[in-house]
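See structure below.
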Amino acid sequence: MNYRDIITIEPGKRRGKPCIRGMRNTVYDILDYLASGMTYAGVLSDFPYLTEEDILASLAYAADREKQQMLIAGL
């Protein structure tokens, strides 16, 4: 799975934040739900139009972004 096929960034949507498949759900939303203790099943139940692949893509995007930040910082 390549998160680049799922995560979209559109300047006019959610102020250019990375979103799931062009929808209004952002990567931050998904990460926030998981960090607050929601399970994958809970997220998928509350948002039936999302898939487990969307959640995994959000995690992969966040991991890649963190890695890029470390490279920029020279760590």
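The values are calculated or read from the model by the stated rules, or taken from the named source; none is laboratory data. Only a predicted model underlies this, so the values are computations on that prediction, with no experimental measurement involved. Counting neighbours? That spans all protein chains shown, and the Cβs are built from the backbone with ideal geometry, glycine included. Note: areas computed on protein heavy atoms with side chains; ligands, DNA, RNA excluded. Shrake-Rupley method; radii C 1.70, N 1.55, O 1.52, S 1.80 Å.
Observations on the model:
- Within the stretch 1-20, residues that are within 19 Å of residue 49 (Cα to Cα) and free of Cβ contacts under 8 Å to residues at least 60 places away in the same chain reach partners that are outside any loop (DSSP other than H, G, I, E, B) and among the charged types (D, E, K, R) with beta carbons closer than 8 Å, at six or more positions or on different chains, in the pairs 1/53; 6/53; 6/54; 20/54.
- Of the criteria (1) farther than 17 Å from residue 1 by Cα; (2) free of Cβ contacts under 8 Å to residues at least 24 places away in the same chain, which one residue 31 fails: (2)
- Of the residues examined, residue 4 is one that is open to solvent by 80 Å² or more (accessible area, probe 1.4 Å), within 16 Å of residue 65 (Cα to Cα) and under 11 Å from the mean Cα position of the chain (by Cα).
- When residue 46 is tested against the conditions (1) among the charged types (D, E, K, R); (2) at pLDDT 95 or above; (3) loosely packed, with under 10 Cβ neighbours inside 10 Å, the lone failure is (3).
- Any hit, the stretch 63-70, residues being polar (S, T, N, Q), outside any loop (DSSP other than H, G, I, E, B) and free of Cβ contacts under 8 Å to residues at least 12 places away in the same chain: yes
- Pick from the stretch 35-55, criterion part of a helix (DSSP H, G or I) and under 16 Å from residue 22 (Cβ atoms), ranking: nearest to the chain's Cα centre (by Cα): 54
- Residues located in the stretch 7-34, provided they are of a type outside the set (D, E, K, R), open to solvent by 60 Å² or more (accessible area, probe 1.4 Å) and part of a loop (DSSP other than H, G, I, E, B): 9, 11, 12
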